[in-house]
1. Among the residues of segment 144-154 satisfying the criterion of being under 20 Å from the mean Cα position of the chain (by Cα) and without any contact (Cβ under 8 Å) to a residue 40 or more places away in the chain, which is nearest to S354 (Cα to Cα)?
2. State which residue pairs qualify: first residue farther than 20 Å from M387 by Cα and within 12 Å of the ligand (Cβ to nearest atom) and inside segment 284-298, second residue assigned to a loop (DSSP other than H, G, I, E, B) and hydrophobic (A, V, I, L, M, F, W, C) in any location, beta carbons under 8 Å apart, and separation of 6 or more residues or different chains.
3. In the list V336, V376, which residue meets the criterion of being more than 14 Å from the ligand (Cβ to nearest atom) and farther than 18 Å from L411 by Cβ?
4. Hey, any hits in segment 330-349 for a residue that's of a type in the set (K, R), under 23 Å from L425 (Cβ atoms) and surrounded by fewer than 24 Cβ atoms within 10 Å (Cβ to Cβ)?
5. Which one is surrounded by the fewest Cβ atoms within 10 Å (Cβ to Cβ) among residues in segment 350-373 that are within 16 Å of the ligand (Cβ to nearest atom) and farther than 17 Å from E82 by Cβ?
6. With the requirement that a residue be closer than 15 Å to F365 by Cβ and of a type in the set (D, E, K, R), what does segment 257-278 give you?
7. D429 versus (1) more than 24 Å from T254 (Cβ to Cβ); (2) at pLDDT 95 or above: which is the lone unmet condition?
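The values are calculated or read from the model by the stated rules, or taken from the named source; none is laboratory data. On a predicted model such as this, the values are computed, not experimentally measured, just so you know. Backbone-built Cβ (ideal geometry, glycine too); neighbour counts: all protein chains shown.
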Amino acid sequence: MIDLSTTDKAARALNVKRCREKGIILPTYAQMRDPSLIPQKYKDELGTIGLWDVHPRNLFRVNWHNEPVEKGGKFGGVNYLELPRELTGTKARIVGLVGKWFPTGAHKVGAALSCLLPELVTGRFDPTAKKAVWPSTGNYCRGGAYISRLLSCPSIAILPAGMSKERFEWLKTMAEEVIATPGCESNVKEIFDKCIELEATRPDAVIFNQFDQLPNHLWHYTVTGPAMEEVFKKIAKSGDHVGGAVLSSGSAGTLGSGSYLRETFPGARVAVAEALQCPTILENGFGDHRIEGIGDKHIPWIHNLRDTDAAVGVDDELPVRLIRLFNEAAGRATLVEAGVLPETVAKLDLLGISGVGNLVAAIKFAKYYELGEDEVVFTMFTDSMAMYGSRLAEMNAERGAYTQRQADRDLDMLMGLSVDHVLELSQVDKRRVHQLKYFTWVEQLGKGVDELRAQWNGHREYWGGLRSQVGALDAMIEEFNAEVLG
Ligand SMILES: Cc1ncc(COP(=O)(O)O)c(C=O)c1O
C-alpha cells in the first residue's frame with residue numbers, strides 16, 4: 001500500500017506555499033484518466049504552451065489524450081496507432097498506444113509524476129532541502145527530471161552510460177545532476193548500487209525507485225488501462241474481443257495496464273516481452289541487449305506475476321533492423337509497395353526501438369494464441385524515433401546505407417515471424433519468476449519477506465488494496481490544491 005498517513009506538516013505547508021508562488025496546481029488521477037475533468041481555465045492556458053515547455057500547466061498534459069501537436073494542443077481522443085495486416089502478417093488487430101505526445105515524448109512521465117505526488121501532498125518530500133533522484137534505463141529519469149522542473153524541485157537523473165546521445169543531451173538541460181552508471185540497458189544492478197551509494201553519502205537524496213514504487217503500477221492501472229479500454233470501445237466492431245496486452249518490462253509499471261484489461265475483459269491475456277539476449281523471465285538468464293528502455297536481470301518489485309500469462313522473447317536484432325525498414329526511405333518505399341497505406345507508413349516513426357520490440361512481441365503473441373480478426377491486441381509505443389536518430393546514423397555507418405534489397409529481407413523477416421521463445425506461464429512458472437524477486441529485493445535491497453509473500457499469497461488484498469487507494473489520493477491532491485489556491 002502507498003503510505004498516505006505519514007505526513008510532515010511543516011514540509012507540506014512549505015510545499016503549498018511554493019506551489020502558490022509558482023502557480024502550480026497538481027492534476028488528480030481522475031483528471032489524468034479523463035482530461036474533460038480539468039477546469040476550463042487551465043485548458044485555455046494550454047493554448048499557448050508547447051508540449052515540452054517547462055510550464056506547470058503541462059502537468060495537465062500527463063495523459064493519453066493530448067492533441068498530437070507540438071504547441072497549443074488541448075485534448076482529444078487517446079493517441080494510438082493500429083498497424084495493418086500488410087505489416088503484421090497476422091489476422092488479429094495490433095494496436096499500440098502512442099507515447100510520443102506526452103511532454104518529454106514518452107509515457108514514463110506519468111510514472112514519475114505518480115511517484116512524486118504522494119510524497120509532495122504528504123510533505124514527506126521537501127524540495128527546499130532534498131533532491132529527487134530518478135534511477136532509470138532512460139525515459140523515467142527524463143520524465144522525473146522534467147516533472148521535478150515543473151514542480152521547481154531539484155533532481156538527479158541516473159541512467160546507464162550506453163543509452164542514446166539524445167537522452168543525455170536533453171537531460172543535461174533538465175536535471176541538476178546526471179549520473180551515468182556503467183554498462184548498457186540491462187545493467188540495472190549498477191543503477192541500484194548507485195542509489196545505495198547516494199543514500200549512504202548524500203543526505204539530500206530522496207530515491208524515487210520506479211522498480212519498487214507502487215504508484216508506478218497505480219498510474220498505469222488507473223490511467224493507461226482505461227485509455228486502452230477507450231480505444232477498444234472506439235475501434236471495436238460488433239463481436240470483437242480484447243485478446244490481450246503485450247508489454248515489455250522495464251520497471252513493470254506499464255504492465256499495470258495489462259492487469260486492468262485482464263480484469264475488465266474476461267479472457268484477455270497479458271504477456272511480458274523481454275529481449276532474448278537477456279532472458280530473465282524465460283530462462284532466469286542474463287546478458288546485454290539493445291532494446292533501450294527494458295532493463296532486466298531482475299524482476300521489478302511491482303511486477304504482478306499472478307496477472308502475467310506468458311513471456312515472449314524478442315531477438316534484439318529484429319527491432320534494430322526494423323527501425324531501418326520503418327524509417328529509411330528504401331524501407332518506407334518497400335512497405336508502400338507491399339500495400340501499407342502511405343499515411344500509415346508516415347507514422348511509423350511513432351515507434352521507438354522498444355515500441356518496435358513490443359510490436360514484434362504482440363505479433364508473436366497473436367500467432368501463438370491463433371487470435372482471429374475479431375481480436376484486438378494492445379501494446380505500447382512508449383517513445384518515438386525522436387529519441388533514436390543517432391542509432392540510425394550509427395547503423396548507416398556500421399552496415400552501410402539501407403537498400404531496397406535489405407528492406408525486402410527485413411519485410412520478409414517481419415511477415416515470417418515465428419512463435420519461438422513464447423512461454424505460456426504455468427502456475428509454477430509464475431511462482432518461479434515471482435520468487436526471483438527475493439534475491440534482488442529481500443536479500444540485496446532490504447525489502448520484507450512478508451510483503452513478498454503478501455504479493456503472492458494475498459494477491460487480491462495486496463494489489464486490490466493498492467488500487468483502491470486512488471480515491472483517497474485524489475482527495476489529498478484536491479485538498480492540497482485548495483490550499484494552494486487559498
Ligand atoms: C523506451 C521504453 N520502453 C519500455 C519501457 C518499459 O516500461 P515500464 O518501465 O513501465 O515497464 C521503458 C521504461 O523506461 C522505456 O523507456
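1. The qualifying residue nearest to S354 (Cα to Cα) is A145.
2. From residues that are farther than 20 Å from M387 by Cα and within 12 Å of the ligand (Cβ to nearest atom), the pairs are D296/C278.
3. Details: V336 fails: farther than 18 Å from L411 by Cβ.
Going through V336, V376 in turn, just one is more than 14 Å from the ligand (Cβ to nearest atom) and farther than 18 Å from L411 by Cβ: V376.
4. Step one: filter segment 330-349 for residues of a type in the set (K, R), giving 332, 347.
Applying the additional criterion that residues be under 23 Å from L425 (Cβ atoms) yields none.
No, that holds for no residue.
5. So the residue we want is I353.
6. Those that are closer than 15 Å to F365 by Cβ and of a type in the set (D, E, K, R): R262, R269, E274.
7. If we test D429 against (1) more than 24 Å from T254 (Cβ to Cβ); (2) at pLDDT 95 or above, just (1) comes out false.
This table checks each residue for (1) aromatic (F, W, Y); (2) surrounded by 23 or more Cβ atoms within 10 Å (Cβ to Cβ); (3) without any contact (Cβ under 8 Å) to a residue 24 or more places away in the chain.
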site: P68; (1), (2), (3): no, no, no
site: F75; (1), (2), (3): yes, no, no
site: Y80; (1), (2), (3): yes, no, no
site: R93; (1), (2), (3): no, yes, no
site: K100; (1), (2), (3): no, yes, no
site: A112; (1), (2), (3): no, yes, no
site: C115; (1), (2), (3): no, yes, no
